[in-house]
1. Based on this model, can you work out whether Asp136 counts as crowded, with 22+ Cβ neighbours inside 10 Å and of a type in the set (D, E, K, R)?
2. Going through region 46-91 one residue at a time, which ones are surrounded by 13 or more Cβ atoms within 10 Å (Cβ to Cβ), of a type in the set (Gly, Ala, Ser), over 18 Å from the mean Cα position of the chain (by Cα) and in a loop (DSSP other than H, G, I, E, B)?
3. When you check Ala36 against the structure, is it in a helix (DSSP H, G or I), in contact with a Pro (Cβ under 9 Å, 6 or more places away or on another chain) and in contact (Cβ under 8 Å) with a residue 60 or more places away in the chain, yes or no?
4. I'm trying to understand the selection: among the residues of region 221-257, which are more than 26 Å from Leu19 (Cα to Cα), touching a helix residue (DSSP H, G or I) at 6+ places or on another chain (Cβ under 9 Å) and not in a helix (DSSP H, G or I)?
5. Kindly indicate the residue of region 192-216 that is within 19 Å of the chain's Cα centre (by Cα) and not in a helix (DSSP H, G or I) and also surrounded by the most Cβ atoms within 10 Å (Cβ to Cβ) among those meeting that condition.
6. Asp154: surrounded by fewer than 18 Cβ atoms within 10 Å (Cβ to Cβ), on the phi > 0 side of the Ramachandran plot, charged (D, E, K, R) and out of contact with any helix residue (DSSP H, G or I) (no Cβ under 6 Å at 6 or more places or on another chain), yes or no?
7. Take region 234-257 and flag every residue that is among the acidic types (Asp, Glu) and surrounded by 13 or more Cβ atoms within 10 Å (Cβ to Cβ).
8. Give the residue, chosen from Ser43, Ser16, that is out of contact with any Leu (no Cβ under 9 Å at 6 or more places or on another chain), outside any helix (DSSP H, G or I) and not hydrophobic (A, V, I, L, M, F, W, C).
Amino acid sequence: MTCSAYHIVIPARYASRRLPGKVLLELAGRPLVQHAWQRANESAAESVVIATDDERIVKAARSFGAAVVLTRPDHQSGSDRIAECADQLGWPDDQLVVNLQGDEPLMPASCLDQVAALLDGRPDCEVASLYWPISDAAEVQNPNAVKVVTAADDRALYFSRYPIPYERDFADVAAAITAGKCWKRHLGLYAYRLSALRRYAAMPPTPLERAERLEQLRIMEQGGRIVMARAAEFIPAGIDTQQDLDRVREYMQSNVS
């Protein structure tokens with residue numbers, strides 16, 4: 001799957017709520033954000049930029065050769081930070097931009113190219129993202145695992161921390177899974193048309209966004225369209241907690257040379 005030229009921006013703020021300074025924490029001898037940057041550079045992106053709010057991250061990024069932009073500290077989301085970064089770099093409204101979080105050290109490069117190509121092929125949509133099937137009851141019911149339901153044309157209909165759809169004909173989620181039902185876990189990887197990103201970044205948070213604490217709902221509440229596809233490869237969960245960091249460290253010791 002190929003697409004027009006696109007850029008990757010890695011939003012990397014310092015003040016992570018559950019794991020402060022996490023993008024600078026060591027993983028296999030390098031800061032976490034460097035791993036995300038390396039995965040991005042394995043893709044076909046035209047350029048890779050780190051957008052941050054902290055001079056410590058600027059210093060670290062420059063030490064390993066990354067392009068970096070210092071943005072305002074008051075952004076509420078990575079998307080808002082990317083919009084400012086794009087403005088500073090003078091990118092045009094028709095540019096495609098992929099948002100890769102700085103805490104995603106195991107992101108397959110194929111998925112970065114996939115999500116950009118997905119949006120490029122859907123001129124009726126403003127954003128593209130990916131999902132992965134869920135067949136574990138605990139994961140379906142975990143509010144940190146965001147679920148998405150999609151239309152016949154692959155547009156997202158809604159995102160929720162609640163198990164959607166609600167399978168009312170079964171006693172519980174486990175029974176539904178046993179019967180062959182499956183949910184879709186949303187993966188926090190996005191491609192944007194920059195004109196749309198700028199428009200939504202200028203809007204205040206919307207009611208559904210505030211209720212679910214999911215920024216993509218701002219787009220949908222304003223009538224925007226998000227096209228979805230199953231990820232080309234499994235994307236391991238990112239790092240939000242110390243337990244996540246320990247898990248990825250163990251994984252990398254066992255699987256990455």
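1. Criteria not met by Asp136.
2. Ala66
3. Considered against the rule, which asks whether it is in a helix (DSSP H, G or I), in contact with a Pro (Cβ under 9 Å, 6 or more places away or on another chain) and in contact (Cβ under 8 Å) with a residue 60 or more places away in the chain, Ala36 comes out as yes.
4. Matches in region 221-257: Gln222, Gly224, Arg225, Ile226, Val227, Met228, Ala229, Ala231, Ala232, Glu233.
5. Ranking the candidates gives Tyr192 first.
6. yes
7. Asp240, Asp244
8. Ser16
Here, each number is a calculation from the coordinates, and none is a lab measurement. Given the structure is predicted, the values throughout are model-derived calculations rather than measurements. Every residue, glycine as well, gets a Cβ built from its backbone with ideal geometry; the counts of neighbours run over all protein chains shown.
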